[in-house]
Every structure is written in C-alpha cells, then in structure tokens.
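*Asks:* Here it is: the structure, laid out below.
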Amino acid sequence: KQAPVTLVEFSDMQCPHCQKAHSLLEDNLQKMFGDKVRWIFKHYPLKRIHPWAYPAAIAVSCAGLQNPQFFFSLQSYFFKEQASLTESNFKPRALEIAKTSGVNISTFQKCLDQEETKGLVEADIKEGDSLGVRGTPSIFINGRRTHSFEFEEIRAIIEEMLNK
C-alpha cells in the first residue's frame with residue numbers, strides 16, 4: 001500500500017486483449033518492480049459483447065470475500081481458460097476451482113447465486129466510466145492512462161514515475 005507507483009487495470013476476463021495484458025503484468029510487474037508498484041484490478045466487463053464476463057466478475061469478487069488468494073486463482077483461471085468457457089459452463093467450472101481452494105463451497109455458491117458482490121462490480125464499472133474507460137484493457141499508472149497495454153510502454157511510465 002505504500003508503493004510509490006499505483007497501477008490500476010480495468011479489465012474484462014472474457015476479452016482476449018485483456019488476457020494478454022493481464023498475463024504481461026502478471027509475468028513482469030512483480031519481477032521488475034517488486035514492492036515499488038501496487039497493482040489494483042478493477043472489473044469492467046463488456047456485457048454487450050462478452051456474455052459471461054459480468055457473472056465471472058461477480059464470481060471472482062465472491063471468491064475475494066472469502067480468500068484473496070482464491071480471487072487471484074479464479075481470475076487467473078478465467079483468463080487462461082477463456083477460449084473454453086461459455087455463459088453456461090463458467091459457473092460449474094468456478095465451483096470446481098472452489099472445491100480445490102479450501103473455501104466454503106456453500107458460501108461461495110450462495111454469493112454467486114444471489115449476486116452478492118454485484119455492488120462491488122458495479123462500483124468498479126462506475127469508477128471506470130468516470131475516468132473515461134470505454135474499452136478494455138484500460139491501464140492507469142498514478143492516474144495517467146497508458147496508450148496501450150504493451151509492457152514496454154507500461155515499464156517506461158513506471159520508471160518515469162519512480163524517477164520523479
């Protein structure tokens with residue numbers, strides 16, 4: 001929380017470009033910058049074109065209520081498996097992951113069924129809207145929006161921020 005640089009990623013777990021951006025951040029951010037960068041993930045599902053992205057955002061948020069590590073593992077799973085996921089199979093597959101994560105399955109399923117984290121997802125969307133997010137991925141570094149999700153640009157901006 002005390003990192004001098006904060007990177008905020010607005011993303012959609014069904015978006016192929018988001019998958020690539022998230023993977024680049026996951027593979028490089030910690031390795032290159034350690035605790036100098038705080039990485040915050042915000043849900044911005046594009047409901048009109050990605051039918052399972054919004055319910056998946058609710059599922060990941062439900063996961064986070066029980067265990068932050070489960071949030072990240074379910075999110076990572078959705079990104080990695082997006083080509084094989086559908087609106088009808090994402091939920092059973094999320095429940096399968098939950099069974100191996102050590103969380104309370106009935107609590108997770110109840111949260112998912114009743115969309116208990118819908119307000120959290122909607123707050124992320126509203127924040128993105130207020131910042132002018134219109135597509136995903138959208139990345140902000142200390143409030144400055146990047147032009148792309150290519151890691152070279154992200155790295156250069158982070159280094160610039162660290163040198164200030």
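*Asks:* Looking at Trp39 and the list (1) assigned to a strand (DSSP E or B); (2) in contact with a Ser or Thr (Cβ under 7 Å, 6 or more places away or on another chain); (3) without any contact (Cβ under 8 Å) to a residue 40 or more places away in the chain, which single condition is not satisfied?
*Replies:* Only one criterion is unmet by Trp39, namely (2).
*Asks:* If you take the residues in region 1-36 that are aliphatic (A, V, I, L, M) and either open to solvent by 10 Å² or more (accessible area, probe 1.4 Å) or in a helix (DSSP H, G or I) (or both), which one is nearest to Arg145 (Cα to Cα)? I'd like the intermediate steps shown before the answer.
*Replies:* Residues of region 1-36 that are aliphatic (A, V, I, L, M), as a first pass: 3, 5, 7-8, 13, 21, 24-25, 29, 32.
From what's left, either open to solvent by 10 Å² or more (accessible area, probe 1.4 Å) or in a helix (DSSP H, G or I) (or both): 3, 8, 21, 24-25, 29, 32.
On the way: Ala3: 18, Val8: 9, Ala21: 14, Leu24: 17, Leu25: 15, Leu29: 17, Met32: 20 Å.
Looking at the filtered set, the residue picked out is Val8.
*Asks:* Pull out all pairs, ordered by first then second residue, where Cβ-Cβ is under 6 Å, the residues are six or more apart or on different chains, the first lies in region 71-82 and is under 16 Å from Leu24 (Cβ atoms) and open to solvent by 10 Å² or more (accessible area, probe 1.4 Å), and the second is of a type outside the set (A, V, I, L, M) and at pLDDT 95 or above.
*Replies:* Gln82/Gln14; Gln82/Gln19
*Asks:* A follow-up question, please. Just wondering, is there one or more residues in region 95-111 that are touching a residue at least 12 places away in the same chain (Cβ under 8 Å) and either closer than 16 Å to Phe41 by Cα or charged (D, E, K, R) (or both)?
*Replies:* So far as region 95-111 goes, no, none of its residues is touching a residue at least 12 places away in the same chain (Cβ under 8 Å) and either closer than 16 Å to Phe41 by Cα or charged (D, E, K, R) (or both).
*Asks:* Go through region 113-141 and report how many residues are at pLDDT below 95 and crowded, with 19+ Cβ neighbours inside 10 Å.
*Replies:* Here the count works out to 0.
The values are calculated or read from the model by the stated rules, or taken from the named source; none is laboratory data. All figures in this text were calculated on a predicted structure; none of them were measured in a lab. So basically every Cβ, Gly included, is an ideal-geometry build from the backbone, and we count neighbours across all protein chains shown. Ligands, DNA and RNA are stripped out before the accessible areas are found, and what is left, the full protein with its side chains, is counted by its heavy atoms. Shrake-Rupley method; radii C 1.70, N 1.55, O 1.52, S 1.80 Å.
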